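Quick notes on the structure that follows.
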Amino acid sequence: MVLVHGLGPEQLRGVLRAEPCGMAVGIDPIVEAAYDGVDVVGVVPVSGDGGSWSLLVSVTDAMAMRPRLLETLSEGRRVVAHSGNGGKPMDFFFWYQDGELRMGFESPCDRDGTTPDELVPLMRALGCDVDGEQDLDVYDEKAAVLALAERLTGVRIAEGFLREAEFRMMRVPGVPDEE
């Protein structure tokens, strides 16, 4: 998932140079498209801190793993991205502000970016394992990271919302890898 402040779905379509490919109620059609080999992103407007945000959902999580794209989307605004890795215990998190990575991590105890420690007190309060010392059998990293995304955006994403939201589906052209 990627949360972008201040850009609506049509504005995002323009920035992403995306091709519209219909509407979807809930994320199931987005999942089905991915199983059919079509890499689409679903976009829906949401409310959060500071007004309007857009939520981008991609089954392949390709959107959250494109640093150049996230930098571009964050110029003049905040972008928060969270990506899992197919059920493996890996939860990537990125906070971009004004075109720069402020903090990113695969594990909360191994952060990078221009201000990797700025959110450590908040992360501790939310249950993030910032020191790499929590028992992996009881630690729910995904919940802690989702709570962090909510705190940075004011956008709460509930399971019911993802089943009922009306997403604009778009095909986003590939972005060249970092050199």
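The values are calculated or read from the model by the stated rules, or taken from the named source; none is laboratory data. Just so it is clear, the structure is predicted and the values come from calculations on it, not from any experiment. Neighbour counts run over all protein chains shown; Cβ positions are idealised from the backbone, glycine included. Note: accessible area is taken over every heavy atom of the protein model, side chains too, but ligands, DNA and RNA are not part of it. Shrake-Rupley method; radii C 1.70, N 1.55, O 1.52, S 1.80 Å.
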Problem - Cα gyration tensor shape for the chain, rounded if a/c is under 1.5, else prolate or oblate - result: prolate
Problem - Local net charge near Arg124, Cβ-Cβ under 14 Å (Lys/Arg +1, Asp/Glu -1) - result: -4
Exercise for the section: Determine the sum of side-chain charges near Met170: Lys and Arg each +1, Asp and Glu each -1, restricted to other residues whose C-beta is under 9 angstrom from that of Met170. Expected result: +2
Problem - Estimated distance in nm for a label pair at Arg171 and Arg156, the labels positioned 7 Å out from Cα along Cα-to-Cβ - result: 3.8
Problem - Probe 1.4 Å, protein heavy atoms only - accessible area per residue of the chain in square angstrom - result: 52
Exercise for the section: Just read off the accessible area of Thr114 with the full protein assembly in place, 1.4 Å probe, to the nearest 10 Å². Expected result: 80
Fill in the blank from the handout: Summing +1 per Lys or Arg and -1 per Asp or Glu among the other residues with Cβ less than 11 Å from Gly26's Cβ gives -4
Handout entry: Charged-residue dipole, Cβ positions (Lys, Arg, Asp, Glu), the chain about Cα centre, Debye nearest 20
Key = 740
Fill in the blank from the handout: Length gained if Lys142 through Glu100 is fully extended, taking 0.36 nm per residue and subtracting the Cα-Cα distance, is 12.7 nm
Exercise for the section: Could you look at the stretch 1-86 and say what percent of its accessible area is carbon and sulfur, using a 1.4 Å probe and all protein chains? Expected result: 50
